[in-house]
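The values are calculated or read from the model by the stated rules, or taken from the named source; none is laboratory data. Quick caveat: nothing in here was measured; it's all calculated off a predicted structure. Here the Cβ positions follow ideal geometry from the backbone for every residue, glycine too, while neighbour counts run over all protein chains shown. Heavy atoms of the whole protein, side chains included, go into the accessibility calculation; ligands, DNA and RNA do not. Shrake-Rupley method; radii C 1.70, N 1.55, O 1.52, S 1.80 Å.
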Amino acid sequence: MLKRLQSVLQWGFVKVEGLFNLAFGEKLNPLYYIGAISYYLMWLIVASGLYLYAFFETSISGAQSSVEALTHGQPWAGGVLRSIHRYASDGVVLTMVLHMARHWAFDRYRGFRWFSWVSGLALLWLVYVAGINGYMLPWDRLAKFTVIATAEWLDWLPVFNGTLVRNFIFEQNVNDRLFSLLSFIHIGVPLAILAILWVHTQRVPQARTSPPLPVMLTLTAALVVLSVLKPAVSQVEESSALGFDWFYLPVLALLYRWTPGEVWLLVGGASLLLFLLPWLPPKRRAAGHYMLVRPDNRIVTVRAGETLLDAGLREGIALPFDCRNGGCGECKATLRSGTVEFGAYQPGVLSAAERAAGKVLTCVCTAREDVELEYVPASAPGAVAPRAWGATVEAMQRLAPDVMQVILKLEGGERIAFYAGQYINILLDDGAKRSFSFATAPSVNDRIELHIRRIPGGRYTTQVFERMRPGDRVRFEGPAGSFFLREDSDKPMIFVAGSTGFAPVKSMLEYAFSRGLKRRMILYWGVRRPSDLYLRELPEKWAREHPNFSFVPVISEPAPEDRWSGRTGFVHQAILADFPDLGGYQVYACGSAAMVQAAHPAFTAQGLGPDDCFADAFVSRPEMVRLGGTA
């Protein structure tokens with residue numbers, strides 16, 4: 001029965017949100033920002049309330065007259081702000097109820113979300129307390145009714161036992177202290193609401209606390225127009241019918257139909273039911289899964305019932321998103337492996353053909369098993385946005401027969417911000433790109449060092465070795481890539497470099513030394529022949545200068561004339577032999593695709609954690625052609 005009701009509500013929300021998309025567009029659909037609108041309305045209430053309080057007199061004789069003077073004496077300031085204060089308060093109740101109803105309908109209140117649900121319920125209670133209390137302050141007919149009815153209701157509780165209402169039997173018993181107490185409550189409770197709101201939203205990764213500016217401006221304008229057309233005024237005429245606010249005061253109306261005990265049973269029972277909903281009815285506990293995220297090369301946990309978007313954002317991955325309700329398509333990504341629950345979304349956002357091609361909306365889909373996800377980053381890691389640059393070749397040096405060191409100097413004295421381990425894309429005349437890693441630490445940001453290995457038949461590398469000269473102009477874009485040094489761990493680090501994979505490792509190690517990192521660091525550099533260790537003296541120097549660093553060169557095909565007495569074989573096999581248990585380490589691997597593909601599963605089988613392996617595979621143009629790819 002509950003599942004059927006939830007399905008009906010889901011269908012209703014999706015249909016209504018679709019209509020709102022037609023009216024407002026998916027970027028400005030107010031139904032996608034219900035929680036943020038509640039937040040904004042609370043700030044409007046606080047701001048307007050501060051102005052009203054500046055003119056309010058907390059006394060039995062001055063309360064009503066000060067409110068009347070505020071309303072009619074300055075109609076285009078106090079009068080409008082009083083009405084905005086009133087209507088924004090009603091709006092908070094409406095948006096909070098809609099917000100909770102949507103989360104219940106889409107089953108987003110169980111498991112790890114229980115705290116958000118329970119804290120939201122506490123917020124709703126506090127909003128009602130503040131709202132009912134607010135109706136007591138003007139001391140008009142509605143205020144007196146609200147005070148007496150609330151006192152009669154509370155008096156049913158044993159803790160009061162009929163003492164509250166006695167204060168209102170005789171008019172002389174009502175004094176200035178009552179208004180001081182009411183004002184104190186009306187200031188203190190909203191402050192508590194804002195504090196709990198902050199805690200409530202911190203539990204949701206990158207939760208919005210303000211709607212888009214056009215939505216805010218439109219909402220504010222609507223409140224102003226409503227305040228002008230139908231201003232909120234005090235009810236002072238005894239002969240007129242008592243105006244009532246059905247957003248805040250319906251419980252008080254029930255007191256004249258039911259007994260106070262029955263009303264308490266209704267309110268208490270409903271509150272208890274809502275509080276227990278995350279655990280009712282009993283639901284079989286589902287297991288969590290893992291998600292491999294490309295291009296970050298990160299493996300993160302996905303909790304049961306958690307969307308792929310929330311899982312990525314929780315782990316600091318900059319997945320793109322906007323509406324978070326399956327209505328805009330900003331979060332669209334490609335599912336490379338695994339299966340998911342697609343969730344509810346607008347049909348026009350994800351077509352059947354896109355679903356068949358592996359596209360998913362990360363904001364609404366949940367994992368059924370371990371998945372691999374690929375998305376298009378909006379910016380480079382750490383919000384270092386890539387851009388086009390101009391540079392000139394300052395110097396060139398052959399480090400080995402097939403490795404050229406190229407130093408680029410940025411034009412115009414510019415400096416480039418990047419992360420140790422990232423790369424740039426050299427732009428060729430026809431728009432083609434060739435990728436090369438930074439070989440220097442980010443502190444050297446006016447020049448770029450590249451290690452370029454000659455590829456037989458390679459278009460760009462042939463140009464570098466045969467035609468490039470100092471003074472030549474180079475265009476590139478960057479920085480790019482998510483292979484960079486993570487500093488949020490104290491685990492020892494193993495660096496695996498294959499051939500010119502030493503370049504990004506050099507950048508990361510020089511950065512680590514400059515930062516004074518004390519974590520243990522071991523570099524395994526694998527090449528075919530000893531002569532391929534083109535900067536061998538540099539890591540040997542680091543090993544002498546830094547006690548926490550060690551260097552292990554590994555030669556895969558030594559010749560007799562090399563007289564090599566060090567480690568031989570594949571570089572990843574040397575690591576496996578030295579570290580039977582990789583559970584307490586982080587591994588950074590950079591080299592050929594074959595090396596990385598062979599190393600990763602072997603390291604995992606030997607205990608390396610899914611969140612502790614970072615890799616960057618070099619794929620040359622000829623290799624990509626053989627693999628059927630493009631450059």
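Determine if the range 519-538 includes at least one residue that is open to solvent by 60 Å² or more (accessible area, probe 1.4 Å) and either among the acidic types (Asp, Glu) or under 25 Å from Ile416 (Cα atoms) (or both). Yes, the range 519-538 contains at least one residue that is open to solvent by 60 Å² or more (accessible area, probe 1.4 Å) and either among the acidic types (Asp, Glu) or under 25 Å from Ile416 (Cα atoms) (or both).
Among the residues making up the range 267-307, those that are loosely packed, with under 13 Cβ neighbours inside 10 Å and modelled with pLDDT of 80 or more are Gly268, Gly269, Ala270, Leu272, Leu273, Leu276, Trp279, Leu280.
Residues that are open to solvent by 10 Å² or more (accessible area, probe 1.4 Å), part of a loop (DSSP other than H, G, I, E, B), among the charged types (D, E, K, R) and over 23 Å from Val571 (Cα atoms) are absent from the range 453-465 altogether. Every listed requirement among (1) of a type outside the set (A, V, I, L, M); (2) outside any helix (DSSP H, G or I); (3) under 17 Å from Ala63 (Cβ atoms) is met by Asn161 save one, (3).
Okay, residues lined up against (1) among the basic types (Lys, Arg); (2) outside any helix (DSSP H, G or I); (3) within 20 Å of Asp322 (Cβ to Cβ); (4) open to solvent by 60 Å² or more (accessible area, probe 1.4 Å):
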residue: Arg4; (1), (2), (3), (4): yes, no, no, yes
residue: Ile34; (1), (2), (3), (4): no, no, yes, no
residue: Ile45; (1), (2), (3), (4): no, no, no, no
residue: Glu57; (1), (2), (3), (4): no, yes, no, yes
residue: Leu70; (1), (2), (3), (4): no, no, no, no
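Looking only at residues that are touching a residue at least 60 places away in the same chain (Cβ under 8 Å) and open to solvent by 50 Å² or more (accessible area, probe 1.4 Å) in the range 82-107, which one is farthest from the chain's Cα centre (by Cα)? Ranking the qualifying residues of the range 82-107, first place goes to Arg86. Working only within the range 332-344, note down all residues that are open to solvent by less than 10 Å² (accessible area, probe 1.4 Å) and either among the basic types (Lys, Arg) or part of a loop (DSSP other than H, G, I, E, B) (or both). Selection gives nothing. Taking the listed residues Val147, Val174, the one that is crowded, with 19+ Cβ neighbours inside 10 Å and among the β-branched types (Val, Ile, Thr) is Val147, with no other qualifying. Looking only at the range 351-375, residues that are assigned to a loop (DSSP other than H, G, I, E, B), under 22 Å from the mean Cα position of the chain (by Cα) and aliphatic (A, V, I, L, M) come to 1 in all. Is it the case that the range 603-619 has a residue that's open to solvent by 20 Å² or more (accessible area, probe 1.4 Å), among the charged types (D, E, K, R), out of contact with any helix residue (DSSP H, G or I) (no Cβ under 6 Å at 6 or more places or on another chain) and at pLDDT below 90? Checked against the condition, which is being open to solvent by 20 Å² or more (accessible area, probe 1.4 Å), among the charged types (D, E, K, R), out of contact with any helix residue (DSSP H, G or I) (no Cβ under 6 Å at 6 or more places or on another chain) and at pLDDT below 90, the range 603-619 yields at least one hit.
Go through the range 130-163 and give me each residue that's of a type in the set (A, V, I, L, M) and within 18 Å of Phe184 (Cα to Cα).
Ala130, Ile132, Met136, Leu137, Ala143, Val147, Ala151
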